[in-house]
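Taking it in order: structure first as structure tokens, then the write-up.
Bear in mind these aren't lab numbers, they're just calculated from the coordinates by the rules spelled out. Everything numeric here is computed off the predicted structure, so don't read it as measured data. Here the Cβ positions follow ideal geometry from the backbone for every residue, glycine too, while neighbour counts run over all protein chains shown.
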């Protein structure tokens, strides 16, 4: 086990060195939304289309708020992306963790991408670059609690609709966070890495994403057995990207964004308008190598 951990950490370190460096994106303002009467209490925004869910910017104008170190307890610092339009009610909140030896900048793109679709999102800078998955789990939960109860935008957040996601060891932390807090509405581990494979106690709707050419968190050793062991999750899905590697998740990607948005909308907002993208299950194509699911139900 120690040899496996050492080998995996070395691989993760190598990926971090050669990986992409990202930069936070400041989204431009959008036109005001047309007010509509939603058929469900948590629907936010217009009815989705293939074009809207794959767009780089969703229908909500958003703002970017720095969260300096010391702003809250249990996490280091981060950035909040939040919709500015509150005419449709409060939003669900999502915390996102980077992976091993990875800075916040590498997962910043998830902030504006998700927030502009109608979520309050906080991307994290972990306590140290070397934090293990379980430490990242604690930070994810602390961060999403901060967003919902202490942040400058807490009045825009529904504290009963919280979710987490993360990459690599952040993905492993995502699973642990979901296991430790079954009240979460959704979790999305991205190329998750964890030595623990027993996730039978996770009771949160979980979408795991992997990559067919991932030599760091190989799907056959991580994502796939994790998915198979989610025997208590009310809904689950596994998407394996085609011609993709471990670091594919640190750069903007339409396929990743599409299914992350659909999953969060379906389970954080209970918005069944997004079920069309998840059920029937998408078929393999130029971007998807494999997709498994239990098919969300209305």
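When only alpha carbons are used to place a centre, the stretch 100-114 and the stretch 271-285 end up 25 Å from one another. Sorting 109, 193 from the fewest to the most surrounding beta carbons within 10 angstrom yields 109, 193. Considering all different alpha carbon pairs of the stretch 131-211, the Kirkwood hydrodynamic radius works out to 12.5 Å.
With neighbours defined as other Cβ atoms within 10 Å of a residue's Cβ, the residues 155, 293, 196 order from fewest to most as 155, 196, 293. Placing a pseudo-label 7 Å from each Cα along the Cα-to-Cβ vector at residue 52 and residue 242 gives an inter-label distance of 2.8 nm. Our estimate of slack between residue 66 and residue 270, defined as 0.36 nm per intervening residue step minus the Cα-Cα distance, is 70.5 nm. A simple spin-label model places pseudo-atoms 7 Å from Cα toward Cβ; at residue 228 and residue 213 they are separated by 2.6 nm.
Label-to-label distance, residue 160 versus residue 200, with points set 7 angstrom from Cα along the beta-carbon direction: 3.2 nm.
If the elastic network links every pair of Cα atoms under 10 Å, which of 283, 258, 242 fluctuates the most in the Gaussian network model of the chain? It is 283.
Taking 244, 262, 177 as the candidate residues, the one with maximal mean-square fluctuation in a Gaussian network model of the chain, Cα springs under 10 Å, is 244. Please identify, among 141, 221, 230, the residue showing maximal mean-square fluctuation in a Gaussian network model of the chain using a 10 angstrom Cα cutoff. The residue that fluctuates most here is 221.
Full extension of the chain between residue 294 and residue 281 gives 3.8 nm of extra length, using 0.36 nm per residue less the Cα-Cα distance.
DSSP beta bridges confined to the chain are antiparallel in about 40 percent of cases. Treating each Cα of the chain as an identical point scatterer and summing with the Debye formula, the log10 of I(q)/I(0) at q = 0.13 Å⁻¹ comes to -0.81. Using only alpha-carbon positions in the stretch 223-298, the gyration tensor eigenvalues give semi-axes of 20, 16, 12 Å once each is multiplied by 5 and square-rooted (largest first). Listed by Cβ neighbour count within 10 Å, with the fewest neighbours leading, 267, 215 appear as 215, 267. Each listed q (0.11, 0.14, 0.16 Å⁻¹) maps to a log10 I(q)/I(0) for the stretch 173-273, found by the Debye formula over equal Cα scatterers with no solvent: -0.30, -0.48, -0.63. Sequence-distant contacts, meaning Cα pairs under 8 Å at least 6 residues apart, place the relative contact order of the stretch 65-293 at 16 percent.
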